1. Limited to segment 27-48, what total is found for residues that are in a loop (DSSP other than H, G, I, E, B) and surrounded by fewer than 16 Cβ atoms within 10 Å (Cβ to Cβ)?
2. What number of residues in segment 73-91 are touching a residue at least 40 places away in the same chain (Cβ under 8 Å) and assigned to a strand (DSSP E or B)?
3. Is it the case, given these coordinates, that residue 51 is assigned to a loop (DSSP other than H, G, I, E, B), in contact (Cβ under 8 Å) with a residue 24 or more places away in the chain and within 26 Å of residue 39 (Cβ to Cβ)?
4. How many residues does segment 3-21 hold that are exposed (fewer than 10 other Cβ atoms within 10 Å of the Cβ) and in a loop (DSSP other than H, G, I, E, B)?
5. Name the strands (runs of 3 or more DSSP E) wholly within segment 92-135 that hold at least 2 residues that are touching a residue at least 40 places away in the same chain (Cβ under 8 Å), surrounded by 13 or more Cβ atoms within 10 Å (Cβ to Cβ) and in contact with a strand residue (DSSP E or B) (Cβ under 7 Å, 6 or more places away or on another chain)?
6. Based on this model, can you work out whether residue 106 counts as under 27 Å from residue 19 (Cα atoms) and within 14 Å of the chain's Cα centre (by Cα)?
7. Being surrounded by 15 or more Cβ atoms within 10 Å (Cβ to Cβ), assigned to a loop (DSSP other than H, G, I, E, B), at pLDDT 90 or above and under 17 Å from the mean Cα position of the chain (by Cα) is the requirement here; does residue 69 meet it?
8. Mind checking which residues of segment 127-137 are under 18 Å from residue 77 (Cα atoms) and more than 14 Å from the chain's Cα centre (by Cα)?
C-alpha cells in the first residue's frame, strides 16, 4: 500500500509526553484525555490537548503558572440542545482574579500572565476541555 503524503498530519491515537504514573492515575480518576498534539507527535505542530472532564476530582491538580507564549483554554458543555450550558462549574484564576465558569467558554491567556489554579467544582454532565499553546511544547514556569 502506498504511503500517504499528508497522513502524518492526522492524529487519531493518544500520544502524550511522560507525565509520570502518579499524575496519570490522579488525572484518569476524573477525566479522559482524548488527544494530545505537539512537536513530538507531529513535527512543526503547536501544542494542544483535549479531554473530557467526567467528575469532580477528589484532589485538585492545577497550580498557578505562566507560559512564554499565548494560551487558549476552553470548556464546552455536552448538551447539544443547550450548548452554552456548561453542565458544571469551574473556578479559574487569571493573575489574582477568581472567575467562576458555568457556561461554555474560551479563555485567552496572554504570554507571561499567571493563570490557574483550575478547580473543577462540579460536573453534572461531561465537560469537554482543551488547551493550546502557540509553541511546540507545553512548558510552565
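1. The qualifying residues number 7.
2. Summing the residues that are touching a residue at least 40 places away in the same chain (Cβ under 8 Å) and assigned to a strand (DSSP E or B) in segment 73-91 gives 6.
3. no
4. Qualifying residue count, segment 3-21: 9.
5. 115-123, 127-133
6. yes
7. Values: surrounded by 15 or more Cβ atoms within 10 Å (Cβ to Cβ): yes; assigned to a loop (DSSP other than H, G, I, E, B): yes; at pLDDT 90 or above: yes; under 17 Å from the mean Cα position of the chain (by Cα): yes.
Yes; evaluated as a whole, the condition is true for this residue.
8. Those that are under 18 Å from residue 77 (Cα atoms) and more than 14 Å from the chain's Cα centre (by Cα): none in segment 127-137.
The values are calculated or read from the model by the stated rules, or taken from the named source; none is laboratory data. The structure displayed is predicted, hence computed values, not measured ones. Every residue, glycine among them, receives a Cβ derived from its backbone with ideal geometry; neighbour counts consider all protein chains shown.
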